[in-house]
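Have a look at the structure below before the remarks.
The values are calculated or read from the model by the stated rules, or taken from the named source; none is laboratory data. Here the structure is a predicted model, which is why all the values come from computation and not from measurement. Reconstructed Cβ throughout: ideal geometry from the backbone, glycine too, with neighbour counts over all protein chains shown.
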Amino acid sequence: MFIDKNSIIINGVSMGQYIVQAQYQYNKLWAEDSGRNLAGVQTGTLIGIFPKIILQFRRLTKSELQIIAPILDSPSQSVTYFDPNKQQYVTMETYTGDYEIVNKNIVNENMKNEGFQISFIAKRKRA
Amino acid sequence: MRQHTSAFKNKIKEHGRELDSVITFTSNNETIILGNEDLNMITPQFIGSILKSVMRELTIDSNVEIPKNTILNYKLGVKVRNDEVVDYRDNYDYVDFGNYIVKEVNELVDTHSYEIKCYDKMLLAMKDYESLNVTYPISVKNYLTAICTKLGLTLATQSFVNDSVTIKREHFLTDDNKTLGYTYRDVLDEIAGATASTICINEDDEVEVRYITETNETFDEEYLKDIDVKFKEEYGPVNTIVLSRSAETDNIYRPTTLPANPIELKIKDNDLLNDDDRVDYIDGIYNKLNGLRYYSNDIRSTGICYLDVCDRYTIQIGSDTYSCVMFEDSIDVTTGLVENITTDIPESSVTDYTKADKTDRSINQATLIVDKQQASITLAVNTANDAKTTAEGVATTANTALSTAESASSTAQSAQTTANTANATANTANTNANTAIGQLSLKIDKGDTGEVVSAFNLNSNQVTISSDNFSLTSAGRITAKSGNIAGFDMTGTKFSKDVSGKYDYLSYDMFRALDCYLRDSSSSTSSSQIMDTGSKKLLDTDNDNKVELLDTQKILNYVIGQATPTKTATGKFYINSDNPRKCVQVVNSDNIPAVSLGVNGVDATNVGCTTLSCTDINANSLSSYSILTMYGKLPELELHKYIQNSTDQILRIRPQGFATNYGMLKRYNKTDYTGTSYDIWDDSIKTTLYNNASGTTGNITLSSAITNFSYIKIYFKQAGFYGSKIVMVDSGLVGNNIVLHTENYYENASCQEINQTYKVTNGTTLSKTYGGWRIQATGWNADKTLCSVYRIEGWKK
């Protein structure tokens, strides 16, 4: 939940200033024993809740992109976010999906990259 | 049941349960805890049954290597709380699956993980059984305690079925405490059978004698997957217990009054229940297992996890309930959990109760005992308590005993001895109860070097065998048409054996060898004159085809024990009733008879003896006898003829140089012991003192002094007539005369008498002093030219 401009910190960088939208997914991962039992009731082992945060970045300047690009490109990140279930800030280790940057003109401090979207997926289940 | 909380019990079946696995062990004095991130899969499982021991197994797929022989603990947890905790495990309740010993570690290169196989402390029993150093008889409980002590374990159960029954002897080792291939685990299986229990390791790592325990737990469909759920037949209710041995031919049962429809549980060929004390066990076993019943099943469950071996539980499906007992369980824990529960029923059996009885002391009096420990089959015939009981014939087929022998510790392929029909007939049973009067046993054992030894023992007061070619009477008389005993071959009328071995020389051989050598050394004699080739071969110690002085010396050394003979002699020994002349015979390697013994006496190539006496075999009087005796010790040949008051003549022949006599042939008068001696002289001591083929009538000069000789022989001739005279030389001969006197000398058809006298003037000169002749005792006519002497020989002392 984005409750203030510092509600999402990734690798120590507050992303609030760069994004226009944050989408929070709380994905359940079920074990292979999931299915219906003899009573017809769905049963199974919940492996855990694996949060996924999808950030929509605004148009970024050259220097802004250069700040966050290393974070996006790293194999894992430390993401702190406010979890409504836990009702507190939770830090999780994540990995990212792919992202792409569109340039429609020469990018500088005045001419910006087009906005883009990237997902941060929890490596471990939420405690 | 494993210890668990009600929260665990409730959560484990819930949708969305969250699981956690924890493995804890110590390495280098440091406690290591592996959790879900380190563990890919864990499978705790066990396969057990009633009347057996159980060993739990744990298989782990881990990203962390755990060294072999590590003792680890496994717990499975379910999240039961959602509290804010420092350690997330505080929100989980766990079931402890116990401690395990890492047995195998295999690296899975493709997944960069390790497959680790672990077993509970029953693994310690998987080693060869050794002497417990206990004193028999011993109670089952103390025996089991001793085993636990040996394994470094503790017996948790202090009271169980048949715990006070005594074990009379060691069942799992040979009489001299050698292994029979049993492990302690095998022995625990036997104890489980004898105590109607399941033996396992409990959560405290103690040995437990466990019985089926009602948990009052009911599991409905929510615990079961919608596939692979099978319930088969119900086993029981058991109402009969049978203890079986001898390939199920010898059975006793309970209850003593058989039910109308026996549903039996048979314990067969348990080594502790193989002797004649089965009655000590059977009542306890029956009391425990009577009424046993449960459903066999094959269930895939969503997970229960807290049931343990021997737990009785109920499965309810709709309105159907199934009472089950946990014997086999396997839980696959990955990201999820599936539990597979299987319960088989014991192998069914049907006993012929007409041939079974309540006790070992049966009226049949014949028991066939298969002893897997000793790898033996014993047919025992015993007397019964009741006298005058007749068992006409008890025929038992022991074909299946072959498979029992084959499963024995040693290779029993040679135990293909089939006792198809064993007829034990006891016509009269005496009043001495339980006295074994006969025993037949087939046994397979291992010798000291591990070779398989088989033994067939027949032990009885009377054994009779009757067949066309062989019979044995009860009195012990054997009749056989042929045979081979220790290499002695008997066929028809012949008894023979090849003989071979080192030739054991005696002093006779030494002297024979010397004789051979001396005769071969002389140009005029040969050893072949005195000995055959075969006999000489044996004296030829160095096999150079000669009997020499060296051979004699070697034989001497053999005789006095300073060397060991190496020459091998072969031949054959016969007893032949078809040949009265040679009914006992020994032939040499050339098949030439060396000695024969028959109705006409003894024939031999060589005879060695110290004294040989020849006389009338019927002689029985000292008043008249004749005897020829050879005394090898002297040596002397004595001929003695005695007739009381008439004749006593003794002739003794001794060799030259014997005492004070020289080659003496002595005629001996017993009455005065002063008889006349006659010397026998041989040419080996002869010297030619004078030799002139033409002869001389004059003086004679000797080549050596006459006094050097004991006697001389003078050869003379006269006109074609030859004569000789022997003259004994004594000290008075020198200076005296030798007279050559002939009688009955015919010339011109007249009888003439010649007298030539020589004086021995000195030791070497014979001077003719007189010569004369006369006819028929008329006066002498002097003539020194008669009787020319042509040779004189002398014999030395």
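What are the residues in region B:86-105 that are part of a strand (DSSP E or B) and not aliphatic (A, V, I, L, M), if any?
If the condition is that a residue be part of a strand (DSSP E or B) and not aliphatic (A, V, I, L, M), then B:TYR92, B:ASP93, B:TYR94, B:ASP96, B:PHE97, B:GLY98, B:ASN99, B:TYR100, B:LYS103, B:GLU104 are the ones that fit.
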Region A:90-113, residues that are of a type in the set (A, V, I, L, M, F, W, C) and part of a loop (DSSP other than H, G, I, E, B)
A:ILE101, A:VAL102, A:ILE106, A:VAL107, A:MET111
For residues in region B:70-85 being assigned to a loop (DSSP other than H, G, I, E, B) and farther than 15 Å from B:ILE23 by Cα, which is modelled with the highest pLDDT?
B:VAL80
Quick check on my filter: what residues within region B:781-797 are more than 23 Å from B:TYR711 (Cα to Cα) and loosely packed, with under 15 Cβ neighbours inside 10 Å?
B:ASN781, B:ALA782, B:LYS784, B:THR785
With criteria (1) surrounded by fewer than 13 Cβ atoms within 10 Å (Cβ to Cβ); (2) of a type outside the set (Lys, Arg); (3) within 15 Å of B:THR605 (Cβ to Cβ), B:ASP515 comes up short on (1)
Over region B:1-34, the set of residues within 14 Å of chain A (Cβ to nearest Cβ) and of a type in the set (Asp, Glu) is B:GLU14, B:GLU18, B:ASP20
Residue satisfying all of: in region B:321-347; touching a Pro at 6+ places or on another chain (Cβ under 9 Å) and surrounded by 19 or more Cβ atoms within 10 Å (Cβ to Cβ); nearest to the other protein chains (Cβ to nearest Cβ) among these:
B:VAL333
Only residues that are within 27 Å of the chain's Cα centre (by Cα) and more than 7 Å from chain B (Cβ to nearest Cβ): list them for region A:35-58, please.
A:ILE49, A:PHE50, A:PRO51, A:LYS52, A:ILE53, A:ILE54, A:LEU55, A:GLN56, A:PHE57, A:ARG58
With criteria (1) under 30 Å from B:MET41 (Cβ atoms); (2) part of a loop (DSSP other than H, G, I, E, B), A:LEU46 comes up short on (2)
Of the numbered conditions (1) within 14 Å of another protein chain (Cβ to nearest Cβ); (2) of a type in the set (Asp, Glu); (3) surrounded by 15 or more Cβ atoms within 10 Å (Cβ to Cβ), B:GLU37 fails exactly one; give the number of that condition.
(3)
Run B:LEU243 past the list (1) without any contact (Cβ under 8 Å) to a residue 60 or more places away in the chain; (2) more than 28 Å from B:GLU190 (Cβ to Cβ); (3) surrounded by 20 or more Cβ atoms within 10 Å (Cβ to Cβ) and report the number of the one that doesn't hold.
(2)
One residue is enough: does region A:77-84 have a residue meeting the conditions outside any strand (DSSP E or B), in contact with an Asp or Glu (Cβ under 8 Å, 6 or more places away or on another chain) and more than 14 Å from every other protein chain (Cβ to nearest Cβ)?
no
Report, ordered by the first and then the second residue, all pairs with beta carbons closer than 6 Å, sequence separation of six or more or different chains, a first member in region B:612-625 that is more than 19 Å from B:SER646 (Cα to Cα), and a second member that is outside any loop (DSSP other than H, G, I, E, B) and among the aliphatic types (A, V, I, L, M).
B:LEU612/B:MET630; B:CYS614/B:LEU628; B:THR615/B:ILE627
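Counting only residues that are surrounded by 14 or more Cβ atoms within 10 Å (Cβ to Cβ), give me the strands (runs of 3 or more DSSP E) lying completely in region B:534-627 with at least 3 of them.
Once the strands (runs of 3 or more DSSP E) in region B:534-627 are filtered for at least 3 residues that are surrounded by 14 or more Cβ atoms within 10 Å (Cβ to Cβ), what remains is B:568-576, B:584-588, B:593-598.
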Within region B:234-274, count every residue that is of a type in the set (Asp, Glu) and modelled with pLDDT under 85.
2
Among the candidates A:ILE8, A:ILE3, single out the residue that is under 27 Å from A:GLN77 (Cβ atoms), in contact (Cβ under 8 Å) with a residue 24 or more places away in the chain, surrounded by fewer than 13 Cβ atoms within 10 Å (Cβ to Cβ) and away from chain B (no Cβ under 14 Å).
A:ILE3
Among the residues of region B:65-85, is there at least one that is crowded, with 17+ Cβ neighbours inside 10 Å, touching a residue at least 60 places away in the same chain (Cβ under 8 Å) and away from chain A (no Cβ under 14 Å)?
no
Condition set in contact with a strand residue (DSSP E or B) (Cβ under 9 Å, 6 or more places away or on another chain) and hydroxyl-bearing (Ser, Thr, Tyr), scope region B:721-744, selection modelled with the lowest pLDDT: answer is B:THR742
Residues within region B:194-236 that are in contact with a Leu (Cβ under 9 Å, 6 or more places away or on another chain), charged (D, E, K, R) and more than 14 Å from chain A (Cβ to nearest Cβ), tallied
4
Could you run through region A:25-34 and say how many residues are among the hydroxyl-bearing types (Ser, Thr, Tyr) and more than 8 Å from chain B (Cβ to nearest Cβ)?
1
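Hey, among B:GLY291, B:GLY318, which residue is more than 30 Å from B:LYS79 (Cβ to Cβ), within 14 Å of chain A (Cβ to nearest Cβ), surrounded by fewer than 18 Cβ atoms within 10 Å (Cβ to Cβ) and not hydroxyl-bearing (Ser, Thr, Tyr)?
B:GLY318
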Might you let me know whether region A:26-33 holds any residue that is in contact with a Ser or Thr (Cβ under 9 Å, 6 or more places away or on another chain) and part of a strand (DSSP E or B)?
yes
Of the residues that make up region B:257-266, is at least one touching a residue at least 40 places away in the same chain (Cβ under 8 Å), under 27 Å from B:TYR184 (Cβ atoms), away from chain A (no Cβ under 14 Å) and crowded, with 16+ Cβ neighbours inside 10 Å?
yes
For residues that are more than 21 Å from A:ARG58 (Cα to Cα) and crowded, with 17+ Cβ neighbours inside 10 Å, scanning just region A:91-113, find the one that is farthest from the chain's Cα centre (by Cα).
A:MET92
Restricting attention to region A:66-76, report how many residues are surrounded by fewer than 13 Cβ atoms within 10 Å (Cβ to Cβ) and assigned to a loop (DSSP other than H, G, I, E, B).
2
